[in-house]
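The values are calculated or read from the model by the stated rules, or taken from the named source; none is laboratory data. Computed from a prediction, not measured in an experiment: that's the story for all the values here. Backbone-built Cβ (ideal geometry, glycine too); neighbour counts: all protein chains shown. With ligands, DNA and RNA removed, areas are computed over all heavy atoms of the protein, side chains included. Shrake-Rupley method; radii C 1.70, N 1.55, O 1.52, S 1.80 Å.
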Amino acid sequence: MAEAQGDGQENRLIVVGGGQAAFALIAKLRALKDLRPITLISAEQSLPYQRPPLSKKYLLKEMTLDRLLYRPESWYAEHAIDVRLGCRVTAIDRVAKSVTLDHGGTLGYDTLALATGATPRRLPDSIGGALDGVFTLRDYQDADRLAEEMRPGRHALIIGGGYIGLEAAAVARTLGLEVTLIEMADRIVQRVAASATSDILRALHISRGVDLREGTGLTHLLERDGRVTGAKLSDGAAISADLVIVGIGVSANDRIAHDAGIETANGIIVDINGRSSDPSVFAIGDCAVLPFADMLIRLESVQNAVDQAEAVAANIAGNSVPYHPKPWFWSDQYDVKLQIAGFGLGHDETVTRAGQREGSASVWYYRQGTLIAVDAINDAKAYVVGKKLIETGMTPDKAAIENPATDLKALLAS
Ligand SMILES: Cc1cc2nc3c(=O)[nH]c(=O)nc-3n(C[C@H](O)[C@H](O)[C@H](O)COP(=O)(O)OP(=O)(O)OC[C@H]3O[C@@H](n4cnc5c(N)ncnc54)[C@H](O)[C@@H]3O)c2cc1C
C-alpha cells in the first residue's frame, strides 16, 4: 500500500488493545482505503496474535508465536499504523479527547476504539490464588509459563469446566499428566451449553482418563514453601496437585471507560453500531456489551471480535453498518472438534442427532419452537447446515433432525 496520506490531524484514530478485535478493525479500515492516522496501543509485548491456539496447539508446543501473528511487523509500517507495544492506556480524558499512557504523556484522538479484551478471574489470595504453580491462561506468556510446568507424570488440578478448562485438560492428558477437573456447577459447560452437550464432553474426558468431579468446588489450595501442593475440595476431599489451572471465566477490561464516565456493566455498553455512551468512543470484542436478541450480552469469541470490529471500521469510515451478531464458536479437545452455530441461551428444548461417524453427534437447540443453535461434535455437516438454517431463519422438523436417515442438506431446500 502507498504511504497513507491521512486526513491531516482531524481524523486521528486511537485503538486501545492489540488483540483480535483491534487487528480486525485496523485491517478493515485500511482495506476500505481509509487512510486516517491510526495509533494502536497494546499492553502486550507482541504484535497482535491469535489466542485460540494458546489452549490448543501452542500449549502442546506444536506451534510457535510467529505462526500466531496476524501479520508481520512490515505490514504495520506498510499500512502506516503507528504501533506502541508494551504500553498501557491508564486514563481517557473525554473533554480534551486524549488518552494517558503509563509510559507518561498523552495522545490526542478524534475517534477512540476500545478493544481491551478481558482478564481471567483469579482465585482470591486468601485461598491460595497467589501461590507458585497456579496459572490462568490469556496471553502467550501465560501459555509459555504453563507449558514449562506440564511435564508427564505430574498432577494438574483444573478448576472450572468451561471451554478453557476442558481444552487445558485435553492438552494435559495428551502430554501425559494426571488430571483432576473440578466444576462447582452441577455439570461442565453449564453456562454455555445444554446438558446433552455436557454429557458428550463428560464422557469424552472420562474416557481419556480425566478425574472429572462436577458439583465440586474448591475450599482452598494447599501449599509448601509458597508452592501449591494440592487442594481441599468442597466435599471434604483433599487431593494432591503439582500445578493448578484456573479457568473460572473472565472480567471485561472496562475500567478506563468506567473511570471516564462511559456506561459500563461488566463491559462497555455499545449500540448496534458499536458506539458507547460517548459518540466518539467505540468498543469492540470481548470488552463490549452489545444488543443481541432482546438482550445485552458480551460474546467472547473470534467471530464476534472480527465481525463487530469490521462493522465498526465501516462506521468509522463514514458508512452506517449495524452489527447483528451471527455467533459461531469452536473448541478442540483431543481429536474432537466441537463447532457451535448460533447462541443457545434461553433454549427450552434440545434434540440430539447421532452422526454418521462413530463419536459424532449434534445437539439442536430450540426456543419456543424456533431453532436457535447447534452444537456439532465431529460433525461438520450438521454445523454447516445448522448455521445456514439459523441464519436464514429456518426451523426444521424435530423428528427429521432426530432421524439419522434424514439428509441434512435437503433440509435447506425445504
Ligand atoms: C486460551 C484461549 C482460547 C480461546 N479459544 C477460542 C476458540 O477456540 N474459539 C473462539 O471463538 N474464541 C476463543 N477464545 C476467545 C477469543 O480469543 C477472544 O474472544 C478474542 O481474543 C477477543 O479479542 P479482543 O481483541 O476483544 O480481546 P483480546 O484478544 O483479549 O485483546 C485485548 C488486548 O488489549 C490489551 N489491553 C487491555 N487493556 C489495555 C490498556 N489499558 N492499554 C493497552 N492495551 C490494553 C490486552 O493486553 C490485549 O492485548 C479463546 C481465548 C483464550 C484466552
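Odds and ends about this structure:
- The residue of the stretch 302-315 that is farthest from Val15 (Cα to Cα), among those that are open to solvent by 10 Å² or more (accessible area, probe 1.4 Å) and near the ligand (Cβ under 9 Å from one of its atoms), is Val302.
- Counting only strands (runs of 3 or more DSSP E) wholly contained in the stretch 334-380, the ones carrying 3 or more residues that are open to solvent by 50 Å² or more (accessible area, probe 1.4 Å) occupy 349-354.
- For Leu299, the criteria (1) in a strand (DSSP E or B); (2) closer than 29 Å to Val171 by Cβ; (3) open to solvent by less than 20 Å² (accessible area, probe 1.4 Å); (4) among the hydrophobic types (A, V, I, L, M, F, W, C) hold in every case but one, which is (1).
- Filter result for Ala257 (surrounded by fewer than 17 Cβ atoms within 10 Å (Cβ to Cβ), among the small types (Gly, Ala, Ser) and outside the structural domain of Leu146 (by TED's automatic domain parsing)): no
- Residue in the stretch 27-48 that is within 8 Å of the ligand (Cβ to nearest atom), under 22 Å from Gly86 (Cβ atoms), surrounded by fewer than 22 Cβ atoms within 10 Å (Cβ to Cβ) and not small (Gly, Ala, Ser) present: yes
- Criterion: more than 23 Å from Leu146 (Cα to Cα) and touching a helix residue (DSSP H, G or I) at 6+ places or on another chain (Cβ under 7 Å) - qualifying residue of Leu54, Leu35, Leu107, Leu25: Leu25
- Residue match in the stretch 83-90 (condition: farther than 17 Å from Arg138 by Cα, more than 9 Å from the ligand (Cβ to nearest atom), open to solvent by less than 20 Å² (accessible area, probe 1.4 Å) and not aliphatic (A, V, I, L, M)): no
- Check on Leu68, over 25 Å from Gly274 (Cα atoms), within 15 Å of the ligand (Cβ to nearest atom) and in contact (Cβ under 8 Å) with a residue 24 or more places away in the chain: yes
- Residue ID - least open to solvent (accessible area, probe 1.4 Å), chosen from residues in the stretch 316-325 that are more than 13 Å from the ligand (Cβ to nearest atom) and of a type outside the set (Phe, Trp, Tyr): Ile316
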